[in-house]
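Down below is the structure, laid out as structure tokens.
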Amino acid sequence: MTKKPYPLQQKQPENWISLSSLAVLTLFFILAFLQHGLLFKPEYLLIGSILYAAGSLAIFWGKVPSQPAFYVLLALICLYFIMSFHAVNKQDSFNIAFRIALIIPLWLLTDQLTIKHTHFLIRVFIHSCSAWVFMGVLFNQFREGRFEGTLQYANAWGILLLTALLLAITQYLTRPSKINLWCICILASGILLSGSRTVVIIMLILIPLQMIAIGKENRTSLPQIHIAILSGMMISITFSLSKWLFLCTLLLAPIAILFIPSLLFKNRRWGMALCFIGFSVITWALVSHQSGLFQRLTHITLQAPEWKARLGYYHDAWLIILDSPFFGYGGGAWNILQYHYQTAAYSVRYLHNHWLETWIDTGITGLALYCCIVLLFVWNGIVSYRTHTGTSKIWTVGCLSAYCCLLLHSTVDFTFSYPLLFGIWVLLGKWGSSFGVNNSNKEVNDTGKRTYRIGISVGLLLLAFFSIRLGVSESFLIKSNQAIPIQKSQDEALLLLKKSAEYSFAPAEQHEQIAKLLLQSFLEKSTSYSELERAQIEVKKAISMNTKDPHTLLLQCQIEYALGNQSSAIDHLVQLKQQFPFRIDIEEQYTNWHSIK
């Protein structure tokens, strides 16, 4: 008797792997929205361990990546880890390397998805962004009048919503539905509330290009899309009157955009005329409106203070690059080196230009790898666009548009500091060049690649272990910072810092914090000199791991002064003052000691 069920048994592993991968990826996106885009260390290190473990299982039983871009990306990640051992700031360099390495399990898991599950994952992303516009407005996730959502930074939140908007437009073009049109309206309103001029400019450039690229045969739904975007922009104006009016208007938006007589859209001239009138009304409303948020959007000029400041950053970054163009300084170097090269008084954690930041971190080799990744995605996307037709072509255009959206923004902002946005960017490049290819597990039983699979699986499990270890270290560090003001317990804080240092690979920050607490305890409670000598030992350990940090160097001066070596400490402080002329804390300490003297 022949065995009929065999073909069904062959299909089950593929569905099981795809469903499992979808579940893990959905969990990641939901947690990323709840945890500030995984910008902060403990979140992405601990949650990353889940991704590494899942990726290890996926590579062992599922599909092996075949795109060259994956292996170039793998080489860039390995370079970040290698650079961490010789970095200016080893602690930040390891954390940045682990943040970038999250893309490995993300890629491996999305490689296992079928086309159906890929569409579902994209819908999860679109609907999550749309729902969080409501949640963010409801819970007042604003700072200085700008909508910053869960990412706690308005520009990054605006570009995330624009990415979702471009994908929502693509979703509607392939599967017209009322919910997709409503999402377009919601996302457009959220983008304007972010007050990001850069994001608005990118939106005005990319959406028309996306409409042109999809081809004449796919433009029958454009009037509905235009109405939805314009409705969202008009609704955003009501926020300045009342957030409740904005939310109610947004809930009533389907009445305006979903039940307009279909005959209106069958006549293209009427549809285009209505869009033109709507755009004119919105422009007039924005220009005449007096709120600070919309004044930002109507005063787009290269003379804006933030543009002048960024040109200053880029000038100083170029000076840093010239001193080591080939080898770089390791991840996170900008946070330290900016004080050595700055030509104006500023202090920014991120350079706001991913190309320059990559060059500073990894040298010309890392920049070349990064450029290679970009070129591979763009070239494969163009090839895919020219060969695909129908729905596949629309999705190729949509994914490439969203990919370019994030790429452009990373040139003038710190988009890729968020693992969520960096992961989405890479996945969009991947999908843009191969969206019409149905994933399968034909290579599962290929014994020739079994050793290769085992090697990658073991490597990912090691990353999961180290990620958990660093995540625990960062959690102890945060608890120590909370222990002092809340529980008034320096002893508990010191204990937590010691535990944090045990789990970290280069605990420069922990040693610095311990030294600072011991010095503070000596100055406030007049404890024994043995504690102060211990602080001196701790600060020397911190300097040995991070020789260029002005915060640690100043702390060393303060400890030396407290030990009674005033003249030596003052001479050392004068040298720091000359080396860091824009450091306010050094200037204040110099003025204080000079007045005492």
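The values are calculated or read from the model by the stated rules, or taken from the named source; none is laboratory data. Please read all numbers here as calculations on a predicted model, not as lab measurements. Reconstructed Cβ throughout: ideal geometry from the backbone, glycine too, with neighbour counts over all protein chains shown. When the accessible area is computed, the model is the full protein with side chains, heavy atoms only, and any ligands, DNA or RNA have been set aside. Shrake-Rupley method; radii C 1.70, N 1.55, O 1.52, S 1.80 Å.
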Query raised in the report: What's the number of the condition Leu39 fails, among (1) open to solvent by 10 Å² or more (accessible area, probe 1.4 Å); (2) at pLDDT 80 or above; (3) closer than 30 Å to Trp355 by Cβ; (4) out of contact with any Cys (no Cβ under 7 Å at 6 or more places or on another chain)?
Result: (2)
Report summary line: Of (1) touching a residue at least 60 places away in the same chain (Cβ under 8 Å); (2) outside any helix (DSSP H, G or I), Pro176 satisfies every one except (1)
Query raised in the report: Does region 539-556 contain any residue that is over 26 Å from Gly330 (Cα atoms) and either at pLDDT 90 or above or among the aromatic types (Phe, Trp, Tyr) (or both)?
Result: no
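Condition first: closer than 28 Å to Ala87 by Cα and either touching a helix residue (DSSP H, G or I) at 6+ places or on another chain (Cβ under 9 Å) or without any contact (Cβ under 8 Å) to a residue 60 or more places away in the chain (or both). Can you find one or more residues in region 480-491 that meet it? Can you show your working first?
Our first condition is that a residue be closer than 28 Å to Ala87 by Cα; within region 480-491, this holds for 480-481.
Cutting the leftovers down to either touching a helix residue (DSSP H, G or I) at 6+ places or on another chain (Cβ under 9 Å) or without any contact (Cβ under 8 Å) to a residue 60 or more places away in the chain (or both) gives us 480-481.
Yes - at least one qualifying residue is present in region 480-491.
Could you tell me which of the residues Ile82, Ile96, Ile50 is open to solvent by 10 Å² or more (accessible area, probe 1.4 Å), β-branched (Val, Ile, Thr) and more than 19 Å from the chain's Cα centre (by Cα)?
Numbers: Ile96 fails: more than 19 Å from the chain's Cα centre (by Cα); Ile50 fails: more than 19 Å from the chain's Cα centre (by Cα).
Step by step, each of Ile82, Ile96, Ile50 is checked, and only Ile82 is open to solvent by 10 Å² or more (accessible area, probe 1.4 Å), β-branched (Val, Ile, Thr) and more than 19 Å from the chain's Cα centre (by Cα).
Output yes when any residue across region 277-284 is over 26 Å from Phe147 (Cα atoms) and either in contact with a helix residue (DSSP H, G or I) (Cβ under 8 Å, 6 or more places away or on another chain) or at pLDDT 60 or above (or both), and no when none is. Steps first, please.
Start the filter on region 277-284 by keeping residues that are over 26 Å from Phe147 (Cα atoms), which leaves 277.
Remaining after also requiring either in contact with a helix residue (DSSP H, G or I) (Cβ under 8 Å, 6 or more places away or on another chain) or at pLDDT 60 or above (or both): 277.
For region 277-284, residues over 26 Å from Phe147 (Cα atoms) and either in contact with a helix residue (DSSP H, G or I) (Cβ under 8 Å, 6 or more places away or on another chain) or at pLDDT 60 or above (or both): present.
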Query raised in the report: Does Ser467 count as at pLDDT below 85 and among the small types (Gly, Ala, Ser)?
Result: no
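Kindly provide the set of residues from region 216-244 that are outside any helix (DSSP H, G or I), surrounded by 14 or more Cβ atoms within 10 Å (Cβ to Cβ) and among the small types (Gly, Ala, Ser), ordered by number. Reasoning before the result, please.
Filtering region 216-244 for residues outside any helix (DSSP H, G or I) gives 219-221, 241-242.
With the extra rule that they be surrounded by 14 or more Cβ atoms within 10 Å (Cβ to Cβ), the set shrinks to 219, 221.
Hit for region 216-244 is Ser221, nothing else.
I'd like to know if region 56-69 contains one or more residues that are in a helix (DSSP H, G or I) and under 23 Å from Leu470 (Cα atoms).
Among the residues of region 56-69, at least one is in a helix (DSSP H, G or I) and under 23 Å from Leu470 (Cα atoms), which makes the answer yes.
Given the structure, is Leu400 open to solvent by less than 10 Å² (accessible area, probe 1.4 Å), touching a helix residue (DSSP H, G or I) at 6+ places or on another chain (Cβ under 6 Å) and either in a helix (DSSP H, G or I) or touching a residue at least 40 places away in the same chain (Cβ under 8 Å) (or both)?
Details: open to solvent by less than 10 Å² (accessible area, probe 1.4 Å): no; touching a helix residue (DSSP H, G or I) at 6+ places or on another chain (Cβ under 6 Å): yes; either in a helix (DSSP H, G or I) or touching a residue at least 40 places away in the same chain (Cβ under 8 Å) (or both): yes.
For Leu400, the condition - open to solvent by less than 10 Å² (accessible area, probe 1.4 Å), touching a helix residue (DSSP H, G or I) at 6+ places or on another chain (Cβ under 6 Å) and either in a helix (DSSP H, G or I) or touching a residue at least 40 places away in the same chain (Cβ under 8 Å) (or both) - is not met.
Among the hydrophobic types (A, V, I, L, M, F, W, C), open to solvent by 60 Å² or more (accessible area, probe 1.4 Å), at pLDDT 85 or above and in a helix (DSSP H, G or I), is that true of Ile201?
Taking the combined requirement at face value, the residue satisfies it.
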Query - Residues that are surrounded by fewer than 20 Cβ atoms within 10 Å (Cβ to Cβ) and small (Gly, Ala, Ser), drawn from region 137-161 - result: Gly145
**Report entry** Among the candidates Leu181, Leu166, Leu161, residue that is assigned to a helix (DSSP H, G or I), over 22 Å from the mean Cα position of the chain (by Cα) and touching a residue at least 12 places away in the same chain (Cβ under 8 Å)
**Finding:** Leu181
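For region 578-597, which residues satisfy the criterion of being part of a helix (DSSP H, G or I) and buried (at least 17 other Cβ atoms within 10 Å of the Cβ)?
If we filter region 578-597 for residues that are part of a helix (DSSP H, G or I), which is where we start, we get 578-579, 584-596.
Within region 578-597, Ile586, Gln589, Tyr590, Trp593 qualify.
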Query - Any pair with Cβ under 6 angstrom, 6 or more apart, that starts in region 92-115 at a residue that is closer than 30 Å to Lys548 by Cα and ends at one that is crowded, with 23+ Cβ neighbours inside 10 Å and among the hydroxyl-bearing types (Ser, Thr, Tyr) - result: Ser93/Ser84; Phe94/Ser84; Ala97/Tyr80; Ala97/Ser84; Phe98/Ser467; Arg99/Tyr44; Ile100/Tyr80
Query raised in the report: Looking only at residues in region 144-158 that are at pLDDT 85 or above and not in a helix (DSSP H, G or I), which one is nearest to the chain's Cα centre (by Cα)?
Result: Tyr153
